[in-house]
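The values are calculated or read from the model by the stated rules, or taken from the named source; none is laboratory data. None of these values were measured; they are calculated from a predicted model. Don't worry about glycine lacking a Cβ; one is built from the backbone with ideal geometry, like all the others, and counts go over all protein chains shown.
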Amino acid sequence: MKVGLTGGIGCGKSTVARMFQDAGWRTLESDQIVADILSGDAAVHAALRERWGDKIFSDDGQVNRRAIAEKVFQDEEELSWLEQLLHPLVRKFWQESVQADPQSDWLVEIPLMFEKRLETAFDLVVCVASPPDVVETRMVARGYTGEEIERRRQRQMPLDEKIRLADHVITNAGNLEFLENQTKRLIGQIQGA
Ligand SMILES: CC(C)(COP(=O)(O)OP(=O)(O)OC[C@H]1O[C@@H](n2cnc3c(N)ncnc32)[C@H](O)[C@@H]1O)[C@@H](O)C(=O)NCCC(=O)NCCS
Ligand SMILES: Nc1ncnc2c1ncn2[C@@H]1O[C@H](COP(=O)(O)OP(=O)(O)OP(=O)(O)O)[C@@H](O)[C@H]1O
């Protein structure tokens, strides 16, 4: 079984992915694949340096993600350039990983699943949804400002539409136990199907 996981910013995608992992599923998260590429891919570093110069790197040579976020989430053209650089690498990574172990149950988290029309690569798609005020509280606790959250949201399909397009919806509006109960029930339902 290949399940795609999506949802709005800060809605709890990574938390749900961990719950699938605890239930024995193989899981991959696009944001983590991006982070690995940004920290270790020399060709990507060269492309970033050529486009934006040294100022998006810190003194130890690491990419400054916050500086990149400042650039791309305020400028559609720059975001589109970055996506064209990274998305083919991300897609290749998860596609090859899944192909290498087709017998396992896989959960692949892709925030931009519907925006990039990737849903057909999966047997079914699960969307995690949380109300905006709950998201804001959780993301501010993680160091994002309200403005940063809103700018990213504006670059995504509205959550209502993602909910409409998904096969299953997990509502993450309560505590972790509420989330875990729903996720476990869904896993049982998927595995029993
Ligand atoms: C700009 C970057 C460096 C900011 O890093 P940061 O650590 O602040 O955020 P992180 O990568 O963990 O993403 C957090 C959330 O931001 C949102 N987000 C990230 N990229 C995008 C995007 N291209 N469009 C809309 N929302 C996005 C998603 O909801 C995501 O879950 C990074 O997000 C990035 O490189 N984005 C471009 C690649 C991309 O599209 N990634 C999305 C999954 S493939
Ligand atoms: N039900 C919950 N109760 C309390 N905290 C939660 C709950 N669900 C998620 N969180 C916390 O909210 C934050 C966002 O959750 P998580 O990272 O899983 O979301 P995400 O959708 O993967 O976010 P992003 O869009 O940044 O990738 C995290 O700090 C997480 O620990």
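Numerical summary
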{"quantity": "Any hit, the range 10-20, residues being assigned to a helix (DSSP H, G or I), surrounded by fewer than 19 Cβ atoms within 10 Å (Cβ to Cβ), within 17 Å of the chain's Cα centre (by Cα) and more than 12 Å from ligand 2 (Cβ to nearest atom)", "calculated": "no"}
{"quantity": "Residue satisfying condition, being modelled with pLDDT of 95 or more, surrounded by 14 or more Cβ atoms within 10 Å (Cβ to Cβ) and either over 17 Å from the mean Cα position of the chain (by Cα) or within 29 Å of Ile190 (Cβ to Cβ) (or both), within set Arg91, Arg51", "calculated": "Arg91"}
{"quantity": "Qualifying residue in the range 63-72 (condition: assigned to a strand (DSSP E or B), at pLDDT 95 or above and farther than 24 Å from Ala100 by Cα)", "calculated": "yes"}
{"quantity": "First in the range 148-163 and farther than 19 Å from Arg65 by Cα, second anywhere and of a type in the set (Gly, Ala, Ser) and more than 11 Å from ligand 1 (Cβ to nearest atom), Cβ under 8 Å, 6 or more apart", "calculated": "Leu159/Ala129; Lys162/Ala129; Ile163/Ala129"}
{"quantity": "Filter result (buried (at least 18 other Cβ atoms within 10 Å of the Cβ), outside any helix (DSSP H, G or I) and hydroxyl-bearing (Ser, Thr, Tyr)) within the range 139-186", "calculated": "Tyr144"}
{"quantity": "Number of the exception - Leu86 against (1) more than 12 Å from ligand 1 (Cβ to nearest atom); (2) in a helix (DSSP H, G or I); (3) touching a residue at least 24 places away in the same chain (Cβ under 8 Å)", "calculated": "(1)"}
{"quantity": "Unmet criterion (only one of (1) closer than 22 Å to Val90 by Cα; (2) part of a loop (DSSP other than H, G, I, E, B); (3) within 11 Å of ligand 1 (Cβ to nearest atom)) for Ser104", "calculated": "(3)"}
{"quantity": "From Ile149, Ile190, residue being of a type in the set (A, V, I, L, M) and within 13 Å of ligand 2 (Cβ to nearest atom)", "calculated": "Ile149"}
{"quantity": "Residue ID - surrounded by the most Cβ atoms within 10 Å (Cβ to Cβ), chosen from residues in the range 21-34 that are part of a helix (DSSP H, G or I) and within 11 Å of ligand 1 (Cβ to nearest atom)", "calculated": "Ser30"}
{"quantity": "Residues satisfying the stated conditions in the range 1-20, i.e. within 12 Å of ligand 1 (Cβ to nearest atom), in contact with a strand residue (DSSP E or B) (Cβ under 9 Å, 6 or more places away or on another chain) and hydrophobic (A, V, I, L, M, F, W, C)", "calculated": "Leu5, Cys11, Ala17"}
{"quantity": "Top-ranked residue of the range 97-140 - restricted to ones that are free of Cβ contacts under 8 Å to residues at least 24 places away in the same chain and β-branched (Val, Ile, Thr), ranked as nearest to Gln84 (Cα to Cα)", "calculated": "Thr120"}
{"quantity": "Residues of the range 168-193 satisfying the condition of being under 18 Å from the mean Cα position of the chain (by Cα) and more than 12 Å from Thr15 (Cα to Cα)", "calculated": "His168, Val169, Thr171"}
{"quantity": "Qualifying residue in the range 35-43 (condition: surrounded by fewer than 17 Cβ atoms within 10 Å (Cβ to Cβ), closer than 24 Å to Glu115 by Cβ and in contact (Cβ under 8 Å) with a residue 60 or more places away in the chain)", "calculated": "no"}
